[in-house]
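The structure appears below as structure tokens.
The values are calculated or read from the model by the stated rules, or taken from the named source; none is laboratory data. Keep in mind that what you see is a predicted model, and the values were worked out from it rather than measured. Virtual Cβ from ideal backbone geometry, glycine too; neighbours counted across all protein chains shown.
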């Protein structure tokens, strides 16, 4: 079965590919399983050396990889370069910290000695999205492979070349050829792969629908899963917040990657006493954004990755306006570009509040009391992250435990950082990536008791 990748900036076909045949998929799975015993027994220091070399290659090849990202999914070149740099960082982080994270952990018991060990599971299937086609892969691969697992990557179809480039990169760094492999598989093949005896665990970053499908297949075969799904992160601005800074970071948080980010702030919940000023500041900042060719260093907003994403966003915005949302600026589209947009007077019951908006649209709501702000923030099926703005630390400490999310960032935008656990609750998924928790997700946490 053939499929093609398209440049979202001009709509032109970039390249055509063939899905791997079932026989080839089985061969790749078998190779992965066969190399696992060798890889798990390589010294941690050796694995670390390979990841440090990988980090160097990423930095030396930044421009080529960044251009591949731009071509396949339309990310502005400045952001694409930053994505490659972050991949190098996560490789170095686990090369330097894996030994500490995986060290035996003493336990108190009536034994002469008891402890936990962290041992690799085997082959981990990674089903990764298109919006951060390098970063999403490396934030899984660095901890999983440093722990001694081996990896199979199923990239998003529209970023296939990026997925193949990552496989080549691992080989160039000196990894055994079958420790990291890229599969070009369709959805039916993926279900069979999950059910195969070769795969011990699955990680997915993607939509809620994809999460349900993968979790169902994995559950039916009793396979460990980590799911990082959608988000509709609240950005809460209390009356005492530094309003200028909050508005500046709000626009940045919403518009990064043209709004195509799970952890982008999506619902802006602002005190009614300052909401008009907040909207005015955001409007000014949004209208200054440079929209254009993602290959241009000046561009801040590129096209959306696919035409269907533009159409979905158009429907969500128009339905929200019909229900009473106020269009402050934007709301237009051309080709795969959707103009940076600001909606005010957004309320529950509107798509802009109830649904994840995967594009450059800010949705601003207001509240009278802090209790109402918390209620609005939690009024979502998702629970990935939250940004809270206040200059009173004691007030922040009171609100933090009441927010139903996997992470709260006070006076800062929600972001992923190798040093911090990353993940959500509710329909945003389960499990954690990054930090010590991320490397242990795909480990057998074994209890040892010596009488």
Look at segment 323-367 and say how many of its residues are over 24 Å from the mean Cα position of the chain (by Cα) and over 23 Å from residue 302 (Cα atoms).
14
What residue, among those in segment 39-64 that are in contact with a helix residue (DSSP H, G or I) (Cβ under 7 Å, 6 or more places away or on another chain) and over 13 Å from residue 146 (Cα atoms), is surrounded by the fewest Cβ atoms within 10 Å (Cβ to Cβ)?
59
Filter result for the condition that a residue is in the same structural domain as residue 344 (by TED's automatic domain parsing), without any contact (Cβ under 8 Å) to a residue 40 or more places away in the chain and in a helix (DSSP H, G or I), over 281, 313:
281
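One line per residue, one yes/no per condition, for (1) farther than 24 Å from residue 118 by Cβ; (2) in contact (Cβ under 8 Å) with a residue 40 or more places away in the chain; (3) not in a helix (DSSP H, G or I):
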site	(1), (2), (3)
11	yes, yes, yes
24	yes, no, no
33	no, yes, no
36	no, yes, no
46	no, no, no
66	yes, no, no
71	yes, yes, no
75	yes, yes, yes
90	no, yes, no
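Can we say residue 308 is part of a helix (DSSP H, G or I) and more than 22 Å from residue 415 (Cα to Cα)? Give the derivation first.
Values: part of a helix (DSSP H, G or I): yes; more than 22 Å from residue 415 (Cα to Cα): yes.
Criteria met by residue 308.
If you go through segment 354-369, how many residues are part of a loop (DSSP other than H, G, I, E, B) and in contact with a helix residue (DSSP H, G or I) (Cβ under 7 Å, 6 or more places away or on another chain)? Break it down stepwise before answering.
Here is the first cut: in segment 354-369, the residues part of a loop (DSSP other than H, G, I, E, B) are 355-360, 368-369.
Next, from what is left, pick out any that are in contact with a helix residue (DSSP H, G or I) (Cβ under 7 Å, 6 or more places away or on another chain): 355, 357-360.
Residues in segment 354-369 being part of a loop (DSSP other than H, G, I, E, B) and in contact with a helix residue (DSSP H, G or I) (Cβ under 7 Å, 6 or more places away or on another chain): 5 in total.
Is it true that residue 251 is surrounded by 21 or more Cβ atoms within 10 Å (Cβ to Cβ), part of a helix (DSSP H, G or I), in contact (Cβ under 8 Å) with a residue 12 or more places away in the chain and not assigned by TED's automatic domain parsing to the domain that holds residue 369?
Numbers: surrounded by 21 or more Cβ atoms within 10 Å (Cβ to Cβ): yes; part of a helix (DSSP H, G or I): yes; in contact (Cβ under 8 Å) with a residue 12 or more places away in the chain: yes; not assigned by TED's automatic domain parsing to the domain that holds residue 369: no.
Here the answer is no, as residue 251 does not meet what is asked.
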Exception for residue 397 within (1) in contact (Cβ under 8 Å) with a residue 24 or more places away in the chain; (2) farther than 24 Å from residue 82 by Cα; (3) not assigned by TED's automatic domain parsing to the domain that holds residue 75 falls at (1)
Looking only at segment 126-154, count how many residues are in a strand (DSSP E or B) and under 16 Å from the mean Cα position of the chain (by Cα).
4
